[in-house]
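Undergrad: To start, I am sharing the structure in question, which I have written as structure tokens.
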Amino acid sequence: MLIVQDKIISEDVIEKAFICNLNACKGACCWEGDFGAPLEMEEIEKLNEIIDEVRPYLSQEGLDVIKKKGVFDFYKEENEFGTPLLENGACAFMTKDEKGHAQCGIEQAYNDGKVNFKKPISCHLYPIRVTELPEYDALNYDRWDICSAACTLGEKEQVPVYRFLKEALIRKYGDSFYQELEAAATFYLKNK
């Protein structure tokens, strides 16, 4: 484990390679799994603020679920809030493009300048999962077989998980954290 500021980072975040390969997986992480994307309390508030601007980017099924449940659900098994899911397990905020690739309606609205919120940080940080504990955050690499093509592409291009997620890590923890993480990772790999 590496410690950077008040975060504990798994070695896998430094050692493992990853680049999302949407041509291979088509964004399956948006429709696979048993729980919606984890949401922070501030994100629930933000989603409630921007939902009217996001609605035009959502499927009818997604709109129906959001009308029924709201912009979040509580997952007892995980003891956390997350995005609501359709009956087939897809995120209510997910749509698909003409190639069948998953797209986030929130991110589409953001890219079009309609909202100032890109998407839930848990989605932006994936495959890193953050466990918030009283005195520190633990950052772990979440291995999932649907991401095997992303691992292969990351290995081919020699891009470690933390570098692939630079923008998301800076969004979550700031530029100084990322610079310290980069330095710690370089030192760690050099002395491994």
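Undergrad: What single numbered condition from (1) part of a loop (DSSP other than H, G, I, E, B); (2) surrounded by fewer than 16 Cβ atoms within 10 Å (Cβ to Cβ); (3) not charged (D, E, K, R) fails to hold for Val115?
TA: (2)
Undergrad: Restricting to the range 130-153, name every residue that is touching a residue at least 60 places away in the same chain (Cβ under 8 Å) and closer than 16 Å to Leu181 by Cβ.
TA: Tyr136, Asp137, Ala138, Leu139, Asn140, Tyr141
Undergrad: Kindly check whether there is at least one residue in the range 136-144 that is at pLDDT below 90, hydrophobic (A, V, I, L, M, F, W, C) and within 26 Å of Ser10 (Cβ to Cβ).
TA: yes
Undergrad: Within the set of pairs 6+ apart or on separate chains, which have a first residue in the range 109-122 that is under 24 Å from Gly174 (Cβ atoms) and assigned by TED's automatic domain parsing to the domain that holds Ile44, a second that is of a type in the set (S, T, N, Q) and surrounded by 13 or more Cβ atoms within 10 Å (Cβ to Cβ), and C-beta atoms under 8 Å apart?
TA: Pro120/Thr83
Undergrad: For the range 66-78: of the residues being within 12 Å of Asp34 (Cβ to Cβ) and either in contact (Cβ under 8 Å) with a residue 12 or more places away in the chain or touching a strand residue (DSSP E or B) at 6+ places or on another chain (Cβ under 9 Å) (or both), which is surrounded by the most Cβ atoms within 10 Å (Cβ to Cβ)?
TA: We begin by selecting, within the range 66-78, every residue within 12 Å of Asp34 (Cβ to Cβ); these are 73, 75-78.
Right, trim to either in contact (Cβ under 8 Å) with a residue 12 or more places away in the chain or touching a strand residue (DSSP E or B) at 6+ places or on another chain (Cβ under 9 Å) (or both) and you get 73, 75, 77-78.
On the way: Asp73: 17, Tyr75: 15, Glu77: 7, Glu78: 12.
Out of the qualifying residues, it is Asp73.
Undergrad: Something else now. Quick one: in the range 79-108, of everything that is over 17 Å from the mean Cα position of the chain (by Cα) and more than 15 Å from Gly36 (Cβ to Cβ), which residue is surrounded by the fewest Cβ atoms within 10 Å (Cβ to Cβ)? Explain how you work it out, then say what you get.
TA: First, the residues of the range 79-108 that are over 17 Å from the mean Cα position of the chain (by Cα): 79, 86-88, 96-100.
So of that shortlist, the ones also more than 15 Å from Gly36 (Cβ to Cβ) come out as 96-100.
Values: Lys96: 15, Asp97: 12, Glu98: 5, Lys99: 8, Gly100: 8.
In this case the residue turns out to be Glu98.
Undergrad: Filter the range 47-65 down to the residues that are surrounded by fewer than 21 Cβ atoms within 10 Å (Cβ to Cβ) and of a type in the set (A, V, I, L, M), then identify the one that is farthest from Glu132 (Cα to Cα).
TA: To start, the set of residues in the range 47-65 that are surrounded by fewer than 21 Cβ atoms within 10 Å (Cβ to Cβ) comprises 48-53, 55-56, 59-61, 63-64.
Still in the running and of a type in the set (A, V, I, L, M): 50-51, 63.
Values: Ile50: 26, Ile51: 26, Leu63: 31 Å.
Checked the range 47-65; the qualifying residue farthest from Glu132 (Cα to Cα) is Leu63.
Undergrad: Can you name every residue in the range 148-181 that is part of a helix (DSSP H, G or I), of a type outside the set (D, E, K, R) and in contact with a Leu (Cβ under 8 Å, 6 or more places away or on another chain)?
TA: Filtering the range 148-181 down to residues part of a helix (DSSP H, G or I) leaves 148-157, 161-164, 166-173, 175-181.
Checking the rest, the ones that are also of a type outside the set (D, E, K, R) come to 148-154, 161-162, 164, 168-170, 173, 176-179, 181.
Correct list: Tyr162, Ala168, Leu169, Phe177, Tyr178, Leu181.
Undergrad: Taking Glu135 as the residue in question, decide whether it is outside the structural domain of Ala37 (by TED's automatic domain parsing) and not in a helix (DSSP H, G or I). Before you say what the answer is, go through the steps one by one.
TA: Working: outside the structural domain of Ala37 (by TED's automatic domain parsing): yes; not in a helix (DSSP H, G or I): yes.
So Glu135 passes the test.
Undergrad: Go through the residues of the range 100-113 one by one and say whether even a single one is modelled with pLDDT under 95 and of a type in the set (Ser, Thr, Tyr).
TA: Within the range 100-113 (the criterion being modelled with pLDDT under 95 and of a type in the set (Ser, Thr, Tyr)), the answer is no, since none of the residues qualifies.
Undergrad: Can you tell me how many residues in the range 1-54 are in contact (Cβ under 8 Å) with a residue 12 or more places away in the chain and assigned to a loop (DSSP other than H, G, I, E, B)?
TA: Residues in the range 1-54 being in contact (Cβ under 8 Å) with a residue 12 or more places away in the chain and assigned to a loop (DSSP other than H, G, I, E, B): 19 in total.
Undergrad: What are the pairs, 6+ residues apart or on separate chains, where a residue within the range 154-174 that is farther than 14 Å from Glu15 by Cα and assigned by TED's automatic domain parsing to the domain that holds Ile8 has its Cβ under 7 Å from a residue that is part of a helix (DSSP H, G or I) and of a type in the set (Ser, Thr, Tyr)?
TA: Lys166/Tyr178; Leu169/Tyr162; Leu169/Tyr178; Ile170/Tyr178
The values are calculated or read from the model by the stated rules, or taken from the named source; none is laboratory data. Predicted model only: the values in this text are computed from it and were never measured. Here Cβ is always computed from backbone atoms with ideal geometry, including for glycine, and neighbour counts include all displayed protein chains.
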